[in-house]
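Step one of this worksheet: look at the structure below.
The values are calculated or read from the model by the stated rules, or taken from the named source; none is laboratory data. In this text, all values refer to a predicted model and were calculated from it rather than measured experimentally. Backbone-built Cβ (ideal geometry, glycine too); neighbour counts: all protein chains shown. All accessible areas refer to the heavy atoms of the entire protein, side chains included, with ligands and DNA or RNA removed. Shrake-Rupley method; radii C 1.70, N 1.55, O 1.52, S 1.80 Å.
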Amino acid sequence: YGRDAVMASLRGYQGRADIGFVDNPLYDLKNGVSLLAAREHIRADRFILTMADHVVGDEVMRLAGAQRPTGATLLVDKKLDAIFDMDDATKVWAEGDRLVSIGKTIAPFNCVDTGVFVGTDALMEAIATVYAANGDASLSEGVQALAERGEMSVRDIGDGFWQDVDTPAMLAFAERELARRSG
């Protein structure tokens, strides 16, 4: 959605970041389909995926970069009392470092999805399998499929910062917190 505007806004970062553009004509489907559109462009044995509407602190990205999953790893936040909008958060039930279930409405849950994933082709294959069966696929559905095979791990971000920025209030909170953290 808004392909030309997105591309124009990101071209200003050319030279400061390696940016490639992938068009997903099925953007009106779930977010896993967008990840599948990029599959042939990922040239590494692992990749870091972040949600476009999440602000993530450098410490979280360093933690993501250190992960070496066999399937995939989701960075989670166990500081449940600090979540800005728990109703909107994607909940996770983890046992040790293993993800058991994920979803907006699962109960019980003991951490939340930060929107930062370290994936391998196993995650792509899980999403592709869901897509082939249903004609649509979300990232969470692919994660759940990996979890059911025992190939989905979690890593707590500790004091790291992340914030979903769906609303102006969420963005203002994220800006204040990042300013506070940077001194």
- Message: Taking the criterion of being over 14 Å from the mean Cα position of the chain (by Cα) and over 17 Å from residue 39 (Cα atoms), would at least one residue in segment 121-128 satisfy it?
- Response: no
Note on segment 118-127: residues touching a helix residue (DSSP H, G or I) at 6+ places or on another chain (Cβ under 7 Å) and either of a type in the set (Gly, Ala, Ser) or closer than 14 Å to residue 60 by Cβ (or both) are 118, 122, 126
If we keep only residues of segment 54-77 that are within 20 Å of residue 142 (Cα to Cα) and open to solvent by 40 Å² or more (accessible area, probe 1.4 Å), then the residue modelled with the lowest pLDDT is 70
Has segment 85-94 got at least one residue that is buried (at least 23 other Cβ atoms within 10 Å of the Cβ) and closer than 11 Å to residue 157 by Cβ?
no
From the option list 76, 60, single residue qualifying as within 18 Å of residue 164 (Cβ to Cβ) and assigned to a strand (DSSP E or B) is 76
All-but-one check, residue 33 against (1) at pLDDT below 90; (2) open to solvent by less than 60 Å² (accessible area, probe 1.4 Å); (3) touching an Asp or Glu at 6+ places or on another chain (Cβ under 9 Å), failing number (1)
Checked 23, 4 against criteria (open to solvent by 70 Å² or more (accessible area, probe 1.4 Å), in a helix (DSSP H, G or I) and modelled with pLDDT of 85 or more); the one match is 4
Of the candidates 109, 84, 117, the one satisfying the condition of being in contact (Cβ under 8 Å) with a residue 12 or more places away in the chain and in a strand (DSSP E or B) is 117
